[in-house]
Amino acid sequence: MGFSSHAARRLMLIVPTLLGGSSLIFVLTMLIPGDPALMRLGNFATAEQLQSLRQEMGLTKPPYERYVIYLSGLLRGDMGRSWRTGNLVLEDLLARLPMSLELGFCSMLLAIAVGIPAGVQGAAHNDGLVAYGGKVYGILGVAMPIFWGGLVLVYVFYFKLGIAPPPTGRIDMLVVPPRHITGSYLLDSLLTGDLDVLVSSAAHLVLPVITLAFVTGASIARMTYTSMRKVLASQFILVGHAYGVSPRAIIYKFALKNALMPVVTLIGLQVGFLIGGVVLVEMVFSLPGIGRYAVESLLVNDFAPVQGFVLLVLVVYLLVNLVVDLLYSVLNPQVRHG
Amino acid sequence: MATAQISIPVLRSPAPPTGFAKQQATVRRASAGQRLFRLGVCITLCWLGVALFAPWIAPYNPLQGDPTLAKGGIALAHLCGLDKYGRDIFSRVVHGSRYDLFIAVTVVAFSLVVGTLLGSISGFLGGKMDNLIMRVMDMVLAFPSFVLALVCVAVFPPTLMTLVIALSIRFVPMYARLIRGEMFVEKVKEYAVAARALGSSQGRLVFRHLLPNSLTPLITQSTTNISWAILNAAGLSYLGVGLQPPTPEWGVMISEGSPFIVSGQWWMSFFPGAALILLTTGFTLLGDGLSARTER
Amino acid sequence: MSTAVTRRQFAFQTLGVIGGTMVAGDILPLLAEAAKHKQVLRVAVDRDFETLRPDFSAGYTNNMLKRLIYTTPVLWAAKPRADGTLTYDPDTIEGRLVIAYKVSEDRQTIEFTLRSNAKFANGDPMDAPALKDSYAMHIANRGPGASQLKVSGLPSADRITVLDAVTLRLSLDRPVAWGLSNHGLHNGGSVVHAKEILKHATPDDPTGLKWLETRTVESGPFIIENWQKGAMMSLVPNPHSFEPSQLERIILQIVPDPSTRRIVLERGDVDFAMQISTKDIPDLTRVSGVKVTSYPSARGWWLGMTWNKAPFNNIHFRRAMAWAIPYETLLQVVAHGMAQRLRSCVSKNISGYMEEFWPYETNLEKAREELAQVQIPDGFAVTVPVSAGDAFDEESMVLIKESLALLGIKLTLQKMSIGQKRSLLVKKQVDMAIYDFRPFVPDVGYYIYWNWLPDSLNNYWGYANAEAQALGNEAITMAVDAPERHARLRRFQEIINGEVGTIPLFSEFDNAVMRAPVQGYVSYPDGVAFLAKLRLE
């Protein structure tokens, strides 16, 4: 089956998945107890106000009607409005998405750059500090709580040593952010030639990226390690070796390609996590990402952002994993797409 | 792909270049692997013991503290210091092993069973069934674990079981996907083809032949998932939701102790974290050893 | 302060800019040298600013912003305490937009004389008609702003008469004990440019309120220069404001994690930090370069129990609970010493609070005696909702749970979001829980209105006592120093505390945390900082 038709099929399947996912989150958030109107009014509310606000917010409509309103809004590209920020949800998300993408992408790069070699070294060699370190990293890294790691890094490198910049956001407080082109400060400052801004935003990304990459890289390392070991023990590797192929070639040309399949799967899974699941890192480092936005809204019963957020993450995730799926066939031509 | 007739010249390979110690010192390697596996078994059994005998091992009541000693540091009477309510951290870590072992086992059991089932069906049957199941799995996977867990904990009664299932749902698709991926590879290998040619029924084929060979990444993933589940529970506690106080679960302790890092009381989050690492290491070594064995 | 990156002149950003609030580009102060921007105040806040609508309550951070961008007719004057720090003067109301006021004998007619030539940030006159329109808009929006005005005697806009360009008459439907105080609050008192807001009405947004969520025309000492949602906001002085500030710029940086907020203050990367965890306050008092000022406040914490069920409605059970609470432990461990004992069903540190009717201290013996007189069903267990992320709530309940366990009473704590818990409370579905309340107006009558009357939304426990509630109601309208009011409030507290209407736990301090060079902080009864009054030394 060719790439393009397979890709086209997968793309078409994205729509029902999005439909299912957005409906699921809608139903779930509707089931959450707690009155959004009450949250909005705060401590100084009267019963009549509550009633009229509930009506204004559309909370008194029957569930089915609210679902239809929600869906028809989605089809028009309207994700509703967050009463917490006062903005349209779509605007809010798009404003914060570049930050999350920037953080996620950089973290994933670092995680792959560290994790795969660590796993490969650990699997291919039995002694040596690097190999040993790789194995230990794989075990320890997955056991570290992300927010704890972030706090420790902040405490040591910012508070005690003063090396890192203050964890007050994407950029130094008194520095003007770059002109908005993509939304990513790194890219925009590169494109506009703003070197100070580039340095400031890169500096502010260092600790959060290390925190995230540490954990993600560890699980990539582990998966690479296990997968490599299995492949290295397999028959065709031994045959290759028996035929005198050099060990470097064995590792990197033959074994790695085959070992990478579960690793690639894992990377695909991680991407969704890195974009939407790093709320705690965003909190510790004061980064305005989409995860924090959704969680903060959820905690005050503001559900439209949560619904929009899930939809957005679904889209990003599905696209990324489409790529992953196509990589399967590159890595292992034996795999048949059913 | 070589045919099945080649006998594996494991022990009689020509002198390998440096770096390929695996083929040279197989005996040495085998026993190193054995040692690690035994270490894993040891650690896991130790924790099981701690969990079983917690009330006898812990010197203090994990739920009651002496507020006058709140935030106290490490001392002879309190080997791991005290938490913000003045409760002995050592006792809480000991009792916490019960919760975390429970979480570990339940998370793996639940997601393993459900995920493997779905993944096997999907990978083996292929076609429309595969598509449907994978779309549903994609949907579940794409939900960021936090929001899903947060929402589940908000909607359903907040017991330990609810929390664990809320966290496990997130792992089901992982297993399903891995199994499915392995299925695609395995089902075209000769032994599978051979077995089918010999008339093995599909069900038998899946469970007796294909599944054991797909176990390796599955086991690896399980051990990773255990620590993720506990850490996600900790993350939920950090946001303020999740397990109910005053449960001495390690994740809760880590999240309660983290705000005290900046005020210098590092022990509050360190010891439960160390315990978590030890437990995960035990499981990991165990898992790695098991998967090494099943490869034979 | 970081010196690694050069500072630049702030400019409009294409993302999230508030349009229409700048007067002219040349007003922007130039950030030239480090010495020149000594008067830049960097503030770490805990959350985003949410809405710019003043009539909706949205937490201390948002309220702090409102106090900066909107002026009010009046505000409490400041007076020094013994240690030189400034607090509000409950007896003196100062004019802001209003320069003089007259109150009739029956306290039901108030006449405001506004300053002439006051202007909004866009140059439009802030005169009596504008003030009336502002009140009218709050009332029409039926939010907390409208309720505050209604409690204080202004339920409808037709009670406001414009006498001339600078004179406004308010004809209250009842006098209130706290007089003009509520006109200093930001919910009902913020002066908004109602005409301008209506100009932005669309069919989708007939009141223009959606526009007001993120855009506004300021009336206060500062205007919004730059707002990056979720990240930061910078403000510069309003050129048309009649309240000059010594600050050239205020930068509000969102730093959500409390630990991070603390250390950026300690290291000096911000000058003022909001919502510092109470547990960090004692440490910060010992950090050189940081100063912490604690003010007794009216924010109280109580443990409530339902009146609609046995055994909670049994007086012996309630007394047993009152004897069982570990009051001192709560003060030390939960509040870290940053609170006072509270001994009534109303807030402390406000006029009308009386302590003499609460005799209970921690005494498990007496608790047992009382409990022995109650029929407790077997397997009796209480589910207590606890606000997630609220340290006072959670930690207090954990300690109370321990104490009650010693009496054989089992509590099951259930953490949930604040919204969920409040919904349950309002629906009166909770048997026992901790709640807090701060009356923005420092008066017991104001407290009673919101919490103790039969139809108070915050009367979570179904309390009903005709005599007490009638007395409380009457006390709302009487003059604050009238002896008959004092008698009524006395009897009110005697009754309610006598039957253990609620169990007072503690009254927390307002802690202002800032770096040493920051001067001029005034503590207001609503706990909201007024940053415009600060300066850096």
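The values are calculated or read from the model by the stated rules, or taken from the named source; none is laboratory data. What you see is a predicted model, and the numbers here were worked out from it, not measured in a lab. Don't worry about glycine lacking a Cβ; one is built from the backbone with ideal geometry, like all the others, and counts go over all protein chains shown. Calculation scope for accessible area: heavy atoms of the full protein, side chains included, ligands and nucleic acids excluded. Shrake-Rupley method; radii C 1.70, N 1.55, O 1.52, S 1.80 Å.
Observations, loosely collected:
- With 20 Å bins from 0: P(r) over chain C, alpha-carbon pairs, percent: 21, 52, 25, 2
- Spin-label model distance (nm) - C:THR207 vs C:ASP83, 7 Å beyond Cα toward Cβ: 4.4 nm
- Given a 1.4 Å probe and the protein chains as shown, C:HIS336 ends up with an accessible area of around 40 Å².
- When DSSP beta bridges are restricted to pairs lying wholly in segment C:297-510, around 60% turn out antiparallel.
- Exposure check, 1.4 Å probe, all protein chains in place: C:LEU399 carries approximately 10 Å² of accessible surface.
- Listed residues A:SER234, A:SER184, A:SER246, most fluctuating in chain A (Gaussian network, C-alpha, under 10 Å): A:SER246
- Alpha carbon centroid spacing (whole Å) that separates segment C:148-220 from segment A:80-134: 49 Å
- Spread of Cα-to-Cα distances over 10 Å intervals beginning at zero, given as percent, for segment A:92-337: 7, 26, 31, 22, 11, 3, 0
- GluC sites (Glu not before Pro) restricted to segment C:313-373 and DSSP loop, no more than 15 other C-beta within 10 Å: C:GLU355, C:GLU356, C:GLU361
- Shape summary: the protein assembly as shown maps onto an equivalent ellipsoid whose semi-axes, from the alpha-carbon gyration tensor, are 57, 34, 28 Å in decreasing order.
- With Rh defined as the Kirkwood radius, the inverse of the mean 1/r over Cα pairs, the Rg/Rh of segment C:402-503 is 1.04.
- In the assembled protein chains, B:LEU132 presents an accessible area of approximately 110 Å² (probe radius 1.4 Å).
- A viscosity of 0.692 mPa s and a temperature of 37 °C, combined with the Kirkwood radius over Cα pairs in Stokes-Einstein, give a translational diffusion coefficient for segment C:297-510 of 189 µm²/s.
- Coordinate range along principal axes, alpha carbons of segment A:55-119, Å, largest first: 57, 23, 20
- Part-to-part distance (alpha-carbon centres) for segment A:142-211 and segment C:252-292, which is given in Å: 20 Å
- Share of carbon and sulfur in the accessible heavy-atom surface of segment C:382-450 [1.4 Å probe, %]: 52 percent
- For C:VAL382, the residues whose amide H sits under 5 Å from its own are C:LYS410, C:LEU411, C:THR412, ignoring neighbours fewer than 5 places away on the same chain, with H placed 1.01 Å from N.
- When the alpha carbon gyration tensor of segment A:3-75 is reduced to an equivalent ellipsoid, its three semi-axes come out at 38, 11, 9 angstrom, largest first.
- Summarising the strand pairing of the protein assembly as shown, around 75 percent of its internal DSSP beta bridges are antiparallel.
- Centroid-to-centroid separation of segment B:224-296 and segment B:86-103 [C-alpha atoms, Å]: 11 Å
- With each label modelled as a point 7 angstrom along the Cα→C-beta vector, the A:GLU56-C:THR383 pair spans 3.3 nm.
- Choice from A:GLY86, A:GLY289, A:GLY149 with maximal GNM fluctuation in chain A (Cα, 10 Å cutoff): A:GLY86
- Loop-exposed trypsin sites (Lys or Arg not before Pro) per DSSP, neighbour cap 14 Cβ within 10 angstrom, longest uninterrupted part of chain A: A:77-335
- Working from Cα pairs under 8 Å separated by at least six residues, relative contact order for chain A is 25 percent.
- Value in Å of the Kirkwood radius, where segment C:89-196 supplies the Cα pairs that are averaged: 13.9 Å
- Distance between the 7 Å Cα→Cβ label points at C:SER116 and C:ASP481: 3.4 nm.
- Solvent-accessible surface ranking, highest first, for B:CYS152, B:CYS42 at 1.4 angstrom: B:CYS42, B:CYS152
- Of A:PHE44, A:PHE214, A:PHE309, the residue with the greatest mean-square motion in the GNM of chain A, using alpha carbon springs below 10 Å, is A:PHE44.
- Taking every DSSP bridge with both residues inside chain C, close to 75 percent are antiparallel.
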